[in-house]
Amino acid sequence: MKNWSLLLMLHCWLLSYAKGPVVYSVPMQGHTTYTGMSLWLMVPQGSNYTYSLLASGTGSPIAGEADMSPENCWHKMCPVTLHFSGLTPGSGYRLSIYSREDSLVFSRKYHTLQTPDPNLPANFSVIAGSCFLRGTGGLTELVDNHAADPIYKSLMADTSDLMLWLGDNLYYLYEYRAERGMLRKNVETRLLPEMQGLLGDKMHFSIWDDHEFGPNDSDGSFPKKDISARIFRAFWPNPPAAEENNTNYYKFAYEDAEFFMLDDRYLSKRSPTPGIHSIIDSLQMSWLKEDLLHSTATFKVLCLGSQWFHDKRQGSKDIFQGSEGSEAFLQFIKNEHISGLLLISGDVHYGMLQEIPREGTYPLHELTSSAVSSWPNDGPLKSPGSVSSYLVPGTLYTGNNYSVLGFSGNPGKRLLTIRTYNVDGIVVWEHSIREDELK
Ligand SMILES: [Fe+2]
């Protein structure tokens, strides 16, 4: 679904369907495993639609479970996630959506994950982006950064297999003050043709940062955080969270990589006071360490909304303070010989790659991918003294951007290639890391 004009046509058609709209959005493929998949869409309250999922070849229908709650609707537009299980690995399934009168309004094939062959891992690539700022009518249009407009087309033209949304996936300007405002912002964002164009193609996984959580720089003290969490989950078909509470951290695997999607808000404490500041809480840190210990993935990608390492950052320089100092985490991954680590972050409205040296073991790499369409931050250019001393030369980019991680090659010789692209989809820097450089 990469054709812009086709999307606009489809979008308008769905909205103006003669007997009332059947669906409001192109479906988005989220959490997908070898035997299950979750497909998200937005539908009218009261079910003007029916759906079927048929296995390719056999045509046998698969029963799904629709997860929808009226409390997540705004103006009778409701997010719903269809969960399917008991599927066959590496197989195609056609989702069809019908109006109440049985007219077909949408049809597309989706695939379960192929069981990885350890002797022949597939080549694949993953988009990483953060900070999507888009007006949704009224005064919110005033904040639009139109210089970034071409980036949506560039992202849509990208043929990567999946996409990581690294936080600030939308911006509550004042909407965090009331539940209705939060719902409106989410619904209106999903009605944007460019968002439908992006979400209607490939698989999507997201973490949150402050701007879809609450006010700017908010932390776990935000009183409406449980409402934010409920809405975030209703609009993103991510894997189930690792904890029972409303934190949003989880992991998923794809070929020989494992992605650890972390929560830097729900239980965070942001304070200039040493010993109180904590971004990754101790429960989450225990989960991360335990799962890293048991992971057999060649690449272990740790995604966080906030930057992990930056020795010139104002305020606290240590993201782990309060739960566990970064020294202790670094000691843990060194002692336990955790290989294949790549850190990813968003938030700061410029992009770069850092290489953090470690004594007696391989250096850690941190990719910061920001901002897709929010206002760029050229602070690092204006005050070069503020730039992290871990910067890999040539990788600082202060224009709007996104990055693509490419995983390729034979087992034992896998190659991770990181490329950052500008709004026109042109590579602005590229950096490759061999599997054996992460051991
Ligand atoms: Fe942002």
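Numbers at a glance
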| item | result |
| --- | --- |
| Farthest toward positive dipole pole in region 52-140 [+1 Lys/Arg, -1 Asp/Glu at C-beta], among 93, 74, 131 | 131 |
| Extreme residue, positive dipole direction of region 319-439, given options 391, 423, 368 (C-beta unit charges) | 423 |
| Estimated [θ] at 222 nm from DSSP helical runs (n ≥ 4, -39500 (n - 2.57)) normalised by residues in the chain, nearest 500 | -5000 deg cm²/dmol |
| Inverse of mean 1/r across different Cα pairs in region 60-133, Kirkwood, Å | 16.2 Å |
| On Cα atoms only, tilt of 225-235 relative to the major axis of the chain in degrees | 60 degrees |
| Computed magnitude of the charge dipole of region 381-438 (debye, nearest 20; Cβ of K, R +1, Cβ of D, E -1) | 40 debye |
| Relative pair counts by distance (%), Cα atoms of region 171-283, 5 Å bins | 2, 11, 20, 21, 20, 15, 8, 3, 1, 0 |
| Quotient of Cα Rg and 2.2 N^0.38 Å for region 94-180, N being how many residues it contains | 1.58 |
| DSSP-defined antiparallel bridges as percent of all bridges, the chain, nearest 5 | 75 percent |
| Estimated vicinal HN-Hα couplings, Hz - region 426-439 in sequence order (Karplus 6.51, -1.76, 1.60; Gly, Pro = x) | 9, 5, 9, 7, 9, 8, 10, 10, 7, 3, 6, 7, 10, 10 |
| Protection proxy ranking of 126-133, 279-286, 55-62, 146-153 - average other beta-carbon atoms within 10 Å, highest first | 126-133, 279-286, 146-153, 55-62 |
| DSSP bridge orientation in region 55-170 - percent antiparallel, rounded to nearest 5 | 75 percent |
| Calculated P(r) of region 121-243 - Cα pairs past 23 Å, % | 32 percent |
| Euclidean distance of C-alpha centroids, region 393-414 and region 53-83, integer Å | 35 Å |
| In sequence order, calculated HN-Hα J values of region 135-141 (Karplus, 6.51, -1.76, 1.60; Hz; x Gly/Pro) | x, 10, x, x, 5, 5, 5 |
| Mean Cα-pair separation over length for region 343-439, i.e. relative contact order, pairs under 8 Å, 6 or more apart, % | 25 percent |
| Folded to 0 to 90 degrees: helix 282-294 orientation relative to the chain principal axis, Cα | 90 degrees |
| In sequence order, calculated HN-Hα J values of region 185-202 (Karplus, 6.51, -1.76, 1.60; Hz; x Gly/Pro) | 4, 5, 5, 5, 5, 6, 7, 5, x, 5, 6, 5, x, 6, 6, x, 10, 6 |
| Zero-based 20 Å bins, Cα pair distances in the chain, whole percents | 25, 60, 15, 0 |
| On Cα atoms only, tilt of 326-335 relative to the major axis of the chain in degrees | 90 degrees |
| Nonlocal amide H pairs with residue 91, under 5 Å, H built at 1.01 Å | 112 |
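We did not get these values from a lab; they are worked out from the coordinates using the rules stated. Because the structure is predicted, anything quoted here is derived from the model rather than measured. Because the Cβ atoms are built from the backbone with ideal geometry, glycine has one as well, and the counts that use them run over all protein chains shown.
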